[in-house]
Amino acid sequence: MATTSCDVAIVGAGLGGCFLAMLLRRRGQNVVVIEQGPSIPSAGADFLKPPGLRVLARHGLADLVGRHGLRRDHIRYYHDGDPIQDCRFPDGGFLIRPYRELVELIYTCCAMEGVEFWFGAEIGDIAVGGGGVEELTLADGRRLRAGVVVGADGTRSL
């Protein structure tokens, strides 16, 4: 099988991986995102606090993400039915939006900008040399040579 080359390989197509892929592609990088699942992940955080909303706004995504979300400025945490802490978020509060919807929005932006996604792609081997990753070999035999490899797949990252 032929080897595919790219500037950046990102392992993990969750919110962080997709957002990074979008930013890098906007800067002219050739990006491939590798995801072991059959599609974008559906589990994760369901609300965005003010710092995350500011990051989205800086990159022109706040209106898109906020369009169907619920805005709130107060969270009450409970333990065994008893309130244990109140958190207030001034300056616009936070946004509640299902995680899968958030990732789908960012994924759609990535796809429109030319980021390549490899779903169902499990890493079989990592060739290391010269101070970094030289090549990824997937379980299905595909090979990927990237200038930089970023692990955005959380605690199970290789």
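No lab work stands behind these numbers, since they all come straight from the coordinates. Everything quoted here is computed from the prediction, not taken from an experiment. Cβ placement follows ideal geometry from the backbone for every residue including glycine, while neighbour counts extend to all protein chains displayed.
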Can you give the calculated 222 nm mean residue ellipticity of the chain, where each DSSP H run of n ≥ 4 adds -39,500 (n - 2.57) and the sum is split over every residue, rounded to the nearest 500 deg cm²/dmol? -7500 deg cm²/dmol
ILE75 neighbourhood, Cβ < 11 Å, K/R = +1, D/E = -1, net charge +2
Shape of the range 47-97, Cα gyration tensor, a/c cut at 1.5: prolate
Of the residues VAL65, VAL128, VAL32, which exhibits the maximal mean-square fluctuation in a Gaussian network model of the chain defined by a 10 Å Cα contact cut-off? VAL128
For ASP63 and GLN29, what is the calculated FRET efficiency with R₀ set at 22 Å and r taken between the beta-carbons, to the nearest 0.05? 0.30
What is the sum of charges, Lys and Arg at +1 and Asp and Glu at -1, for the other residues whose Cβ falls under 15 Å from the Cβ of SER42? -3
Most mobile of ILE126, ILE84, ILE96 per a Gaussian network model of the chain (Cα springs, under 10 Å)? ILE84
Compare the Cα positions of LEU48, GLY60, PHE94 along the charge dipole of the range 47-97 (+1 at Cβ of Lys, Arg; -1 at Cβ of Asp, Glu; about the Cα centre) and return the one farthest towards the positive end. GLY60
Cα gyration tensor, the range 68-109 - rounded (a/c under 1.5), prolate or oblate: oblate
Please list, by residue number, everything in the range 112-134 whose backbone N is under 15 Å from a paramagnetic label point 7 Å out along Cα→Cβ of ARG145. 127-130, 132-134
Assertion target for TYR77, TYR107, ordered by fewest C-beta neighbours within 10 angstrom first, is TYR77, TYR107
Would you list ARG25, ARG54 from fewest to most Cβ contacts within 10 Å? ARG54, ARG25
Equivalent-ellipsoid semi-axes (√(5λ), Cα gyration tensor) for the chain, whole Å, largest first? 34, 18, 13
Give the Kirkwood hydrodynamic radius (Å, one decimal) of the range 24-117, defined as one over the mean of 1/r across all pairs of different Cα atoms. 15.2 Å
Counting only other residues whose beta carbon sits under 10 Å from that of GLU135, what net charge do I get with K and R as +1, D and E as -1? 0
